[in-house]
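The values are calculated or read from the model by the stated rules, or taken from the named source; none is laboratory data. It should be emphasised that the depicted structure is a prediction, and the values quoted were computed from it without experimental measurement. When we count neighbours, we look across all protein chains shown, and the Cβ atoms used for this are built from the backbone with ideal geometry, even at glycine. Only protein heavy atoms, including side chains, enter the accessible area calculation; ligands, DNA and RNA are left aside. Shrake-Rupley method; radii C 1.70, N 1.55, O 1.52, S 1.80 Å.
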Amino acid sequence: RTATAGRRVPRGDERLREHRGPVLPGWIAVVVGALALTGCAAVLWRAGVVPATLVAAFGVPPRPYHGLRATHWPPLAFLGVVTLLALGGLGRAKAGHAWVLTLFGSYRGTVRRTGLTWISPLLLRRRVDVRLRHWRSEPMPAVDSGGLALQVVVQVVWQVRDTARATLAVEDHIDYLAEQVESATARVLSRLPADAFHDDAPTLRDAEAVGEALTRTLAAETEAVGIEVFSAQPTRIEYAPEVAEAMRRRRIAAIDAKHRDTVLTAVVDAVDDTVHRLTSRGIVELDDYERKALVKDLTVAFYTGRSDQ
């Protein structure tokens, strides 16, 4: 975890950790339910409740009906409860999803098994998406280190790692993630200028460095709710509309000044090299006045030629 002075990184409840919940393969529940239904049918047949036509279809002799006696009710009640529990707990678990189980508000475990499963009907189920997901924000307001207003779009690649914390440690982990993205983006972008027009200092245009800082900050903030952040990358950093035109003119002026400085440096080097060759080889002999005049003429000629290019 990373933290800055004056603030604390949120910590999750150490007692709230994902663990395996009570679950059985679905075929066991189907078999138990079928046996319980068969037992109920046998009790009703012995009591003579089953119609003779239905009994004859199975090749079983019918029995006379004398009413349900007291001895019939306990097995019927028991087998009926078993049937309800067996068939009522059946469910189809999808790949990429998990069930978080609670009983009277207490966490009882997580089921990540797929296919036909049986979970006790007494347990409350909450489905959680555990697939690798990505989320793209709307343009968010922010400021750079100079206080200039920006608009930023961030794309986050994340996944739920601890379903217990994601479900129970926060009201809505997706809303929590979105709010932390906005908060972390504002903090990270305020450390650097959007542009350094006359210096080679780090800026927000270095998408790789800004993305790494944002990923580290966001991962530390969301760990407490069981979310793992793999990547948080600004896909667009722009000036706000109210300052965009002024900054565009400033950027053009900076580029033009840098270009002029580059051209002037190249011209001075060329003039110095030309004068040095002429004098060192004895082609011309120049006094101070003639040297200055030659330097002046060559500088004007070279600069004019390079400016035209």
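A few remarks follow.
- Scanning segment 213-263 for residues that are at pLDDT 90 or above, assigned to a helix (DSSP H, G or I) and of a type in the set (S, T, N, Q) gives Thr215, Thr217, Thr222.
- Close contacts from segment 110-122, counting a first residue that is in the same structural domain as His97 (by the TED database) and a second that is in a strand (DSSP E or B) and polar (S, T, N, Q), with Cβ to Cβ under 8 Å and a gap of 6+ residues or different chains, come to Val111/Thr117.
- Residue in segment 109-146 that is farthest from the chain's Cα centre (by Cα), counting only those that are loosely packed, with under 14 Cβ neighbours inside 10 Å and in a loop (DSSP other than H, G, I, E, B): Leu122
- Reported count of residues in segment 147-179, each being open to solvent by less than 50 Å² (accessible area, probe 1.4 Å) and polar (S, T, N, Q), is 3.
- Scoring Val154 on the criteria (1) in a strand (DSSP E or B); (2) assigned by the TED database to the domain that holds Ile28 leaves a single failure, condition (2).
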